[in-house]
Each structure stands twice: as C-alpha cells, then as structure tokens.
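The values are calculated or read from the model by the stated rules, or taken from the named source; none is laboratory data. Because the structure is predicted, anything quoted here is derived from the model rather than measured. When we count neighbours, we look across all protein chains shown, and the Cβ atoms used for this are built from the backbone with ideal geometry, even at glycine. Ligands, DNA and RNA are excluded from the accessible area calculation, which covers all protein heavy atoms including side chains. Shrake-Rupley method; radii C 1.70, N 1.55, O 1.52, S 1.80 Å.
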Amino acid sequence: MKVLLVYFSFTGNTEKVAFSILENLQKNGVNCEVFKIEPVLKFKYIFWLFLSFIPSLPFPIKNLKLLKIDNYEAIILGTPKWTFNCPPVTYFIRFLKRVKFKSSIKIFFFLTYGGFGEDAYIKKLKRKFEKSGFTVYAVEKFRRSEIIKGAVGERIQKFCLKILTSINPSYPHISET
Ligand SMILES: Cc1cc2nc3c(=O)[nH]c(=O)nc-3n(C[C@H](O)[C@H](O)[C@H](O)COP(=O)(O)O)c2cc1C
C-alpha cells in the first residue's frame, strides 16, 4: 500500500504539519511519498490574495507529469485556507479528477488557517472531491497560532490514526510519537 502526501505551503505552516504527518505515518510502517505543490510562477502575497478571491480558479503547478497517481491507494492533501480558493491546490484537484483511474482511491485532507471561515471552506473542498467521485475518509484543521506554538501534536496523531485505520482496518495501534 503506497500513500501520497501532497501539500502546498506559502509560509510554512502546512509544510510543518505535513512533515509531522509524514514522520508519524512512516514510524507506523506506511510507505508514504511526498509531492510538494509548486506553482510555475512565484508571486508576492498581495497577488495571491487577489487570486484567492476568484472561486475555483486554478493556477498551474510544476512537475505534475512525474506523478503516477495509479501507484497510490490513498492521497493526503494539505492546503492552507485562502479566502475562497487556493489556485495551485485547485489545479492539483482538477488534475486528480482527470487522471483518476479508480474511484476507490481514498482521500484525506487537512487545512491550516488563520482563524476564520475554515469550516465552510472544508465543506466546499469536501464537496468538490465528492462531486468528482472521490470519497473523503477524514479531514482535520489546524490553526496557525497553534502550529506556531507547537500545540497540534495530539490532533496530528488523531488524524494519523484515522488514516492508518482507514487504509488498514485491522491496524492495531499508533506508536507514541
Ligand atoms: C492569500 C491568503 C489568503 C488567506 N485567507 C485566509 C482566510 O480566508 N481565512 C483564514 O483563516 N486564514 C487565511 N489565510 C491565512 C492562512 O490560511 C494561514 O496562515 C495558513 O496557515 C497558511 O499556510 P502556509 O503557511 O502553509 O502557507 C490566508 C493566507 C493567504 C496567504
């Protein structure tokens, strides 16, 4: 069973959580590979902020051709919450929809956010996946201030436990990390 951990991070919070998830899953014997979403162009915050107001706008990302989605049984997507839309992540989801070869691929996602609108954003993202024929098995959210304080360890562990039991229902324990 191979799992793909995909994330986009502009200021490092989502990356921090992604690395903790990776460490936890690997300690629990999961064969997990990582794909970092990188837009083909670098923009300053203010331009991304402008684009984030346009719902469903995709923005192209690098190295997608290297990804062989049919190698994976599950995908964990990490994204920051951006106003109405995070264009590089939207591009990835559209790609996933196009190359999806089996609807049984399991989707997990997590969100990092500053402090507002996260629940509606999660609902929208979940609906986007489901409309494309995917099943979302677990979702988690992490507030920026708690990530910075280092106060998300327990929730990361819980999220990983959900992933572990979903990809292997007979999974016995999660190691204490
Ligand atoms: C363009 C942009 C839009 C954002 N919009 C929101 C928002 O609507 N609600 C919110 O809670 N946080 C918002 N944030 C804050 C980020 O979601 C938060 O800082 C997140 O942890 C960033 O993840 P990163 O460090 O991996 O890029 C926004 C940040 C950016 C750059």
Nitroxide proxy distance, nm - points 7 Å out along Cα→Cβ at Leu66 and Lys128: 2.3
Between Phe142 and residues 5 or more places away or on another chain, which pairs have amide H atoms under 5 Å apart, with H built 1.01 Å from N, and which residues are they? Leu111, Thr112, Tyr113
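Within a Cβ distance under 11 Å of Val139, other residues only, what is the Lys/Arg minus Asp/Glu net charge?
Neighbourhood net charge equals +1.
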Over the chain, the sum of -39500 (n - 2.57) across DSSP H runs of at least four, divided by residue number and rounded to 500 deg cm²/dmol, gives at 222 nm -12000 deg cm²/dmol
Scan around Leu77 for amide H atoms under 5 Å from its own, H built in the peptide plane at 1.01 Å from N, and keep only partners 5 or more places away or cross-chain. Val6, Phe108, Phe109, Phe110
I'd like the carbon and sulfur percentage of the solvent accessible area for the stretch 106-158, probe radius 1.4 Å, heavy atoms only, ligands and nucleic acids excluded. 51
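Compute the accessible area per residue over the chain, keeping the other protein chains in place, probe 1.4 Å, unit Å².
Averaged over the residues of the chain, the accessible area is 53 Å².
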Subset of Lys62/Lys149; Lys44/Lys106; Lys68/Lys149; Lys16/Lys126; Lys44/Lys131; Lys65/Lys158 violating a 30 Å alpha-carbon distance limit: Lys62/Lys149; Lys44/Lys106; Lys68/Lys149; Lys44/Lys131; Lys65/Lys158
Take every DSSP beta bridge whose two residues both sit in the stretch 1-120, then give the antiparallel share in percent to the nearest 5. 5
Kindly state, to the nearest 0.05, the FRET efficiency for Arg144 paired with Leu57, given R0 = 25 Å and r defined as their beta-carbon distance. 0.60
Run the numbers for Lys2 and Phe19: contour at 0.36 nm per residue of separation, minus the present Cα-Cα distance, in nm. 4.4 nm
Be a star and scan the stretch 63-92 for residues whose amide nitrogen sits under 13 Å from the point 7 Å along the Cα-to-Cβ vector of Glu118. 79-82
In whole µm²/s, the translational diffusion coefficient that Stokes-Einstein assigns to the chain, given a Kirkwood hydrodynamic radius over C-alpha pairs, 37 °C and 0.692 mPa s, equals 200
